[in-house]
């Protein structure tokens, strides 16, 4: 399992993560540390590179996190630029 430093996202962001003994098959989560009660983190576009070309510590992952606002009346999620604070974590499967 690996944990990366805390980040603040306003809208969406693309990240490169590596290290922490991650393998070429991971499950990623975003641990929420701060956001409005109707704002969540949507993780998508996870791409794995089994090389050290981008970082010398082993397997590299590019991934996206998008802040999403929940409308309970319509039961929908909508991209938002409202901030969220947290960190990526992974757990090999």
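Read the figures in this text as sums done on the coordinates, not as results from a lab. As the structure is a computational prediction, the values presented were derived from the model and not from experiment. Every residue, glycine among them, receives a Cβ derived from its backbone with ideal geometry; neighbour counts consider all protein chains shown.
Structure data summary
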{"read-out": "Top of 81, 64, 50 by mean-square fluctuation, Gaussian network on the chain, Cα under 10 Å", "value": "50"}
{"read-out": "Listed candidates (1) 1.15; (2) 1.02; (3) 1.06 - label of the one calculated as Cα Rg over 2.2 N^0.38 Å", "value": "(1)"}
{"read-out": "The chain: most fluctuating residue of 27, 65, 17 per GNM, C-alpha cutoff 10 Å", "value": "27"}
{"read-out": "Residue of 52, 31, 76 that the Gaussian network model of the chain assigns the largest fluctuation, springs spanning Cα pairs under 10 Å", "value": "76"}
{"read-out": "Computed lengthening from residue 16 to residue 33, 0.36 nm per intervening residue step minus Cα-Cα distance", "value": "4.1 nm"}
{"read-out": "Ranking of 14, 82 by count of other Cβ atoms within 10 Å, fewest first", "value": "14, 82"}
